[in-house]
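One structure below.
The values are calculated or read from the model by the stated rules, or taken from the named source; none is laboratory data. Keep in mind the model is a prediction, meaning the values are calculated, not measured. Here Cβ is always computed from backbone atoms with ideal geometry, including for glycine, and neighbour counts include all displayed protein chains. Accessible surface is based on the protein model in full, side chains and every heavy atom, while ligands, DNA and RNA are left aside. Shrake-Rupley method; radii C 1.70, N 1.55, O 1.52, S 1.80 Å.
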Amino acid sequence: MRKPVIAGNWKMYKTVGESVDTALALKPLVANANHCEVIIAPVFTSLKVVADRLEGSNVRVSGQNCSTEVEEGAHTGEVAAFMLRDAGASYVIVGHSERRQFYSETDAMVRRKCQAAISAGLTVIMCVGETLDQRELGNAKNVVRGQLNGGLSGLTALDLDRIIVAYEPVWAIGTGRTATPEQAQEMHAFIRRVFAEGHTATAAEALRILYGGSVKPENISGLMVQGDIDGALVGGASLKAESFAKIVNYKDE
Ligand code: PGA
């Protein structure tokens, strides 16, 4: 059985104080959520204090990005995966579409980041997803296949346990336009097939595939009943503890 994952991506929102307030408000609201892993990804500057304040709870902390470089060194502005781990993170989001689109992140960079994160003992949430143009041209699956193979090549069977894939169609992120549960399920099943081809059927069966793009308390249950949707990566609706908690507790909704 794959344990679902509900992750909140706070993007570039919240000061340290606001991050701590939201994390502390969330903690009791999700304390009984044993059915899934609960993750929040604050900005780098809030990560350590949030992780410290959540210690002993069931809420884990994630970075939103990490350096392609494994070792410390002269890389101004970068944060290494092992530094995220040291600050209390257990996960890191890699290859988010905003990084691919606005910070020129390539599949080769995503692959190095995945490898750096795994070697630091982090679990990677690797994002893939097509733009609206790519979908309308009928290229969605080719794009997603390229991103999957490009980001994950060269990983060992053991490494694959530390990979979570998030399918986030770019046209659904922050737009209020969610993929229908059927559209998402179709792509998730495809991702599992591609993963089985590139690795093994067993690894593909165990892979958690999250959906992301305008997930809200109102649409989470319809997504979670789909066979290949194993959780969600939530942006906007994760910024408020109450709405994120409703998504985490989707079984009660
Ligand atoms: P959204 O963002 O939920 O605000 O659409 C999702 C994401 O970018 O991870």
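Quick notes on this one:
- Summing Lys and Arg as +1 and Asp and Glu as -1 over all other residues whose Cβ lies under 13 Å from the Cβ of Ile40 gives a net charge of +3.
- Added length on full extension, which subtracts the Cα-Cα distance from 0.36 nm per residue, Arg193 to Glu71: 40.5 nm
- Length released on extending from Arg177 to Lys3, taking residue separation times 0.36 nm less the Cα-Cα span: 60.0 nm
- For segment 5-252, share of DSSP beta bridges that run antiparallel, in % to the nearest 5: 0
- Carbon + sulfur, % of accessible area of segment 149-253 - ligands and nucleic acids excluded, 1.4 Å: 52
- Peptides 71-79, 135-143, 168-176, 111-119 ordered by packing proxy, namely the average of other Cβ atoms within 10 Å per residue, highest first: 111-119, 168-176, 135-143, 71-79.
- When nucleic acids and ligands are ignored and a 1.4 Å probe is applied, Ser67 ends up with an accessible area of around 10 Å².
- Per residue value of the accessible surface for the chain (all protein chains in place, 1.4 Å probe), Å²: 45
- Long pairs among Lys14/Lys113; Lys3/Lys113; Lys14/Lys240, criterion Cα-Cα beyond 20 Å: Lys14/Lys113; Lys3/Lys113
- Each peptide in 56-63, 30-37, 208-215, 155-162 gets a packing score, the mean of other Cβ atoms within 10 Å over its residues, and the list from highest to lowest is 208-215, 56-63, 30-37, 155-162.
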